[in-house]
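The values are calculated or read from the model by the stated rules, or taken from the named source; none is laboratory data. Remember, it's a predicted structure, so these values are computed and weren't measured experimentally. When we count neighbours, we look across all protein chains shown, and the Cβ atoms used for this are built from the backbone with ideal geometry, even at glycine.
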Amino acid sequence: MSAAALNAIWRRISRDPSAIAAYSLATVLALAFILQLYPLSFLAGSGLFFEQKDAPQHVSGWLFYLHDSWHFPLLQTTRLNHPDGVNIAFTDSIPLAALVFKLFAAWLPAQFHYFGLWHALALLSQALAAVLLMRALGVRHLAGCLAAAGFALTWPSLLWRFEHTALMTHGVILTALALYFMGRSGQWRSRRVSAAFIALSVAGLLIHPYLLAFSYAMFIVFLAEQAFAGAGWRKQVPALTTSVLVLMGAGVVFGYVGNGTQSFGFGSYSMNLSAPFCGGRFYSCVSATAEQPFKAFHFFDATGGQYEGYNYLGLGLILLVPCALWRGRNALLNVLRRFPVLCCAMLLLTLYALSNKVYFNGHELFSYPLPAFADKLTGTFRASGRFFWIVGYLILFATLATLLKKPSPRMFALVAFALALQWVDVQPMRAHNTATTSLPGKQELAQWATVLQDTQKVFLYPAFGCRENDPRFYLFFQRLAAHYDTLLDTGYIARPNLNCAANAQSFDMPFVAQQLYVMPREELKNPLAVPLGFRTAISQGACVTQQDALLCRADADAAYWRRSGLTGMTPLTDDFSRQVFSAAQLPTQVGVVDGDRLVPKPAQQEGFLSFGPYLRLHPGRYRVRLRYVSNADLTQQVGRWDIMANRSAKPALMWGGGSLVGTRGAVREIESVFSADDSAALVEIRTYLMATGDLQLLTIALEPAP
């Protein structure tokens, strides 16, 4: 290509185009990226992506909401977590989209959802907001628009969040930064910027509360900067007051007020100090022998939750930052003087992202206690690692603006090379996203049509949040109930607030016809913890096991289940009235197994001959039967036994016990009745060998007592 042609190209991309041209270019670039990244089937809402991990929670929350009538607050549905209901903000169902599409419920296709489309919208808004921010920073030529949109679309933390659709809407963050700089530079009047910030904050609240935190934080920074710049604090009060009233009103109308929003995880869901510098294709913070679940992305997760703090800047940006610092070295102090509140805010956000337990790779560098008043903040925004997102974006766009504000062929060539490097650096992530969204769905819900067609409600035991069961159990049946427009009594809901004891007791009542009762099959390993309703239904032949679940209907029998069309079923009629533990099944401290009994080790003095089996019992009365042998005389005490209830974070309780005396070699059975009143307690029955005793344990049996 001739020098004249190159000069012509440079003149074209370095000139200041109209806003329409800039945003049109960003739109074309975003659409090309979307089509390269996602298959059309995914954008249409089909595929395995929507059937696994957290996506079923998001989709089912919307379907329950779609099939429900309007309630107040506007985001409430009573079809999930019935009858109390739940706000779909706690299913991460993107309430803003749900409100819009619910208006057209009568015209929507069956099983329609918008989550594939939202991925496209998130990337499109990302590119458009990048151009808006770049223009707000004073870079208006096409080269700057291309660089801004290109880096924004390949931003690592954006691509990393693709499995959480709502949190992919990083365009809100870029727009908040753009509004700040438009207001500070005088491109927009302060009143207009404030109105836009308030609208953006409400939109952020209705997409995901973390986006509200980012946008509103930038609004506060803007007001503070205006006050320090000479406008005074009094002029900021009306905008601040209006924003508080609007957000409080939105909280009431949409149901964010009054819901429990705090949970654990602060300090775990944090950012590692090494996170900005590794996580792409070329450089790894992880050694070859390190055991962590994200080796393909080369970042260090020191807590098991630092995937929430994935904040890799990308090798392209890492290359550009030193160049920008050198190019803008004379203006650094002026930046600190012009934007003091912004700089302080970014520092505080970084510290919050690191949390009060600071790690570098796998090493905890230091930790410090937080005051009690911080609990509400850290409990609400527990995934602190996300708060570096806005800091990372500011670094990116400040770097691009510094290098590209004055059109220069050399700077554009440098940025173009860095963008190409960034594209290659995130290639594993792009490939992972494309491969994941290309997988076809299992279509596993169709076989449930016969069972669900006349089912009025699905009951899951235990309720979500009451036990550490596999979340996939709840997600599957939540997806199933939503698909067939059936009520569900619980569900995979963020930060549930339940009365677990009352919920467990409800399953002691007789089961009702046309209702499906479901329990994880794993619970059958501890039959005495199974509620009475399930035990009765099992004894009546109304239950089957299917894959990992126990299914019961009061109006079902073997013939019903054969007609149901479900695959992999096994009828269940086991007698759960008694559970016997042989000596070999029980842990021991001082014993060994000898045939059918547990006997003391040679020369053993004293200690626990047996303990365990750490059963969780459904509240009620139980009888324990203990069979043992001792060669000692009938009057000699050889040991003792007890029933202990081990409670988490509480002192253990003794629910019964007594002495063990000699049997002159005969088998003796002792029994005792006790009441179990704490379903969370782990029950163990212990036998203790005394120093002068002879004790041989045969079996321990438990059964419900009348």
- Those residues of the range 507-525 which are under 19 Å from residue 704 (Cβ atoms), in contact (Cβ under 8 Å) with a residue 24 or more places away in the chain and surrounded by fewer than 16 Cβ atoms within 10 Å (Cβ to Cβ) amount to 508, 509, 510
- What about residue 196, is it in a helix (DSSP H, G or I), free of Cβ contacts under 8 Å to residues at least 40 places away in the same chain and not assigned by TED's automatic domain parsing to the domain that holds residue 280? no
- Query: Checking residue 563 against (1) under 30 Å from residue 454 (Cα atoms); (2) surrounded by 15 or more Cβ atoms within 10 Å (Cβ to Cβ); (3) of a type in the set (D, E, K, R), which single condition isn't satisfied?
  - Reply: (2)
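Scan 63, 75 and give me the residue that is buried (at least 17 other Cβ atoms within 10 Å of the Cβ), farther than 16 Å from residue 112 by Cβ and either touching a residue at least 60 places away in the same chain (Cβ under 8 Å) or of a type outside the set (Gly, Ala, Ser) (or both). Spell out how you get there, then give the answer.
Details: 63 fails: farther than 16 Å from residue 112 by Cβ.
Criteria check complete, one pass: 75.
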- Scanning for something surrounded by fewer than 23 Cβ atoms within 10 Å (Cβ to Cβ) and under 30 Å from residue 412 (Cα atoms), does the range 188-197 turn up at least one residue? yes
- Message: Please pick out the residue among 128, 159 that is touching a residue at least 40 places away in the same chain (Cβ under 8 Å), under 24 Å from residue 412 (Cα atoms), assigned to a helix (DSSP H, G or I) and among the hydrophobic types (A, V, I, L, M, F, W, C).
- Response: 128
- Query: Does residue 176 satisfy the criteria of being of a type in the set (Gly, Ala, Ser), touching a His at 6+ places or on another chain (Cβ under 7 Å) and buried (at least 21 other Cβ atoms within 10 Å of the Cβ)?
  - Reply: no
- Return yes when residue 277 is among the aromatic types (Phe, Trp, Tyr), at pLDDT below 85, within 30 Å of residue 359 (Cβ to Cβ) and surrounded by fewer than 21 Cβ atoms within 10 Å (Cβ to Cβ) and no when it is not. no
- Task: Can you give me the ranges of the strands (runs of 3 or more DSSP E) entirely in the range 603-706 with at least 2 residues that are in contact (Cβ under 8 Å) with a residue 40 or more places away in the chain?
- Result: 607-610, 620-629, 637-646, 667-676, 682-689, 696-704
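Residues in the range 576-589: is at least one in a helix (DSSP H, G or I), out of contact with any strand residue (DSSP E or B) (no Cβ under 7 Å at 6 or more places or on another chain), of a type outside the set (A, V, I, L, M, F, W, C) and modelled with pLDDT under 90?
Of all residues in the range 576-589, those in a helix (DSSP H, G or I) come to 583-585.
From what is left, the residues that are out of contact with any strand residue (DSSP E or B) (no Cβ under 7 Å at 6 or more places or on another chain) are 585.
Checking the rest, the ones that are also of a type outside the set (A, V, I, L, M, F, W, C) come to 585.
In the following step, the residues that additionally are modelled with pLDDT under 90 were identified as 585.
Yes: one or more hits.
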- Task: Would you check which residues across the range 221-240 are in contact (Cβ under 8 Å) with a residue 24 or more places away in the chain and not small (Gly, Ala, Ser) and list them?
- Result: 221, 222, 223, 225, 226, 228, 235
- Just one of 341, 335 is over 30 Å from the mean Cα position of the chain (by Cα) and crowded, with 16+ Cβ neighbours inside 10 Å; which is it? 341
- Query: In the range 280-296, how many are at pLDDT 70 or above and among the hydrophobic types (A, V, I, L, M, F, W, C)?
  - Reply: 2
- For the range 490-506, which residues satisfy the criterion of being surrounded by 20 or more Cβ atoms within 10 Å (Cβ to Cβ) and over 16 Å from residue 458 (Cβ atoms)? 504
- With (1) more than 30 Å from residue 423 (Cβ to Cβ); (2) crowded, with 17+ Cβ neighbours inside 10 Å; (3) β-branched (Val, Ile, Thr) as the list, and residue 237 as the residue in question, which single condition is left unmet? (2)
- Message: If I go through the range 435-461 residue by residue, how many of them are in contact with an Asp or Glu (Cβ under 8 Å, 6 or more places away or on another chain) and either without any contact (Cβ under 8 Å) to a residue 24 or more places away in the chain or closer than 27 Å to residue 529 by Cα (or both)?
- Response: 5
- Message: Show me the helices (runs of 4 or more DSSP H) found entirely inside the range 470-550 where at least 3 residues are in the same structural domain as residue 455 (by TED's automatic domain parsing) and closer than 19 Å to residue 62 by Cβ.
- Response: 471-483
